[in-house]
1. How much of ILE129 can a 1.4 Å solvent probe reach, expressed as accessible area in Å² and rounded to 10?
2. Could you tell me the accessible area of HIS341 in Å² (1.4 Å probe, neighbours in place), rounded to the nearest ten?
3. Can you compute 3J(HN,Hα) from phi for each residue in segment 65-75, using the Karplus curve 6.51 cos²θ - 1.76 cosθ + 1.60 with θ = phi - 60°, rounded to whole Hz and x for Gly and Pro?
4. Describe numerically, in nm with one decimal, the distance between label points set 7 Å from Cα along Cα→Cβ at VAL330 and at PHE89.
5. Set the bar at 27 Å for Cα to Cα. Now go through LYS86/LYS173; LYS49/LYS142; LYS49/LYS135; LYS134/LYS325 and name every pair that lies beyond it.
6. Taking the Cα-to-Cβ direction at TYR356 and at ILE146 and moving 7 Å from each Cα, how far apart do the two end points lie in nm?
7. When the Kirkwood hydrodynamic radius is evaluated over all pairs of different C-alpha atoms of segment 1-277, what value in angstrom, to one decimal, is obtained?
8. Would you mind checking which residues have amide H under 5 Å from THR174's amide H? H placed 1.01 Å from N; only 5 or more apart, or other chain.
Amino acid sequence: VELAIIGSDMQEVIGCAIAFNLLSMGRIPLWGGVLITIIDTFVFLFLDKYGLRKLEAFFGFLITIMAVSFGYEYVMVRPDQGELLKGMFLPYCENCDSAQMEQAVGIVGAVIMPHNIYLHSALVKSRQIDRGNKKEVKEANKYYFIESTIALFISFLINVFVVAVFCEAFYDKTNIEVNAKCNASGSPHTDLFPLDNSTLQVDIFKGGVVLGCFFGPAALYIWAIGILAAGQSSTMTGTYSGQFVMEGFLNLRWSRFARVLLTRSIAIFPTLLVAIFQDVQHLTGMNDFLNVLQSMQLPFALIPILTFTSLTSIMDDFANGLVWKIGGGVVILVVCAINMHFVVVYVTSLRSVALYVLAGFLCIAYLCFVGYLVWHCLIALGVSCLDVSCLASRMLTGHNDIYLLKDMDSDTMVERLEEHVGGVVINSDTVRS
């Protein structure tokens, strides 16, 4: 999950560097835009001093800028609404090869970012409610659900705007056609499009340029502002989710300054090297790869979330019911199947035996880890036959999820065991043994 967060931070750096380059009409080079993103760290820490609510308000402001910017592009381009609805509810991809499959899998990772799943859950901790009062908790859950639904729906609309704009504005256009249009509009980026009849290939940088050529300079600048706002919001969500993940899984309590400094340093170094020694195509290609990385790490967020929220020892009366367990399991299976299909398509496109072997080892390691998580998930959800080592504990306590307590400290474990065995006092030595 930490790798996913660092990957997301690299995308934020790439997006902001491209935005600065577009807004300055190329006067700020890509490596300069990467260095400017260091300032994000200090802006974030400055806002954080005024409390989480102020930060949430600023985050809402950035999302509003994104919605308005990309919504403007959507209205300007005017995509076919019938085709949009058809594609939304009937997903298909005609004549797609490995390149298109990589982008499709990348969209899954870009829309459903694994660390943000933890963030939505962890922000509940910041709300001041009486968690001993089940009625109050139930009411709070209702408002959490409404809050998350609104946030995710707005995110969904923004992604629809972006994908629809790219589909309508750029599909089936040739390089020579775009070159002529950009030349007529006086764009300084005409050299990006060679004088041939090959199909136009776009990314977030070329996308802004083409929008400016076809719909005027305002479309270019508004596109860049939207990308910049998206990058800034990504910084905040990545920092907070990273903090919650480190506290929850590793029991590490770092200051936000240390967390931002670590992830931003790791993100900036490789991105800066690519920006200095390569061109914008390599930088945006790196962005596509990071999207796929996000998708590949979704099971590492979805499986633990489904496990924890289904355990009555953790959630009490608010544990997932059978419908949510089955529904969550189906979603996880679909995501894993999409990722595996992409891996098979990608590996078969390689032309090197060494790469075949390396990819094979990585796929085996990935599948083993996902299988390990699924195994623990099934044990926690009641499939007791999978865990022989805990038979004695279950016979004593009557609970399938007691094995999760093995990672707790002694005092906490004593408290939880006392709850399960009816208040019988167990000393720390027994617990450790």
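The values are calculated or read from the model by the stated rules, or taken from the named source; none is laboratory data. Computed from a predicted structure; not experimentally measured. We place every Cβ from the backbone using ideal geometry, glycine too, and count neighbours over all the protein chains shown. Remember, those area values only see protein heavy atoms, side chains included, never the ligands or the DNA or RNA. Shrake-Rupley method; radii C 1.70, N 1.55, O 1.52, S 1.80 Å.
1. Roughly 50 Å² of ILE129 is accessible to a 1.4 Å probe.
2. 100 Å²
3. Those phi angles translate into 4, 4, 4, 5, 5, 6, x, 4, 4, 4, 5 Hz.
4. Result: 1.7 nm between the two label points.
5. Details: LYS86/LYS173 22 Å; LYS49/LYS142 30 Å; LYS49/LYS135 33 Å; LYS134/LYS325 22 Å.
LYS49/LYS142; LYS49/LYS135, as the Cα separations exceed 27 Å there.
6. 5.9 nm
7. Values: mean 1/r = 0.0488 Å⁻¹.
After inverting the mean inverse Cα-Cα distance, the result is 20.5 Å.
8. Under 5 Å from the amide H of THR174: LEU200.
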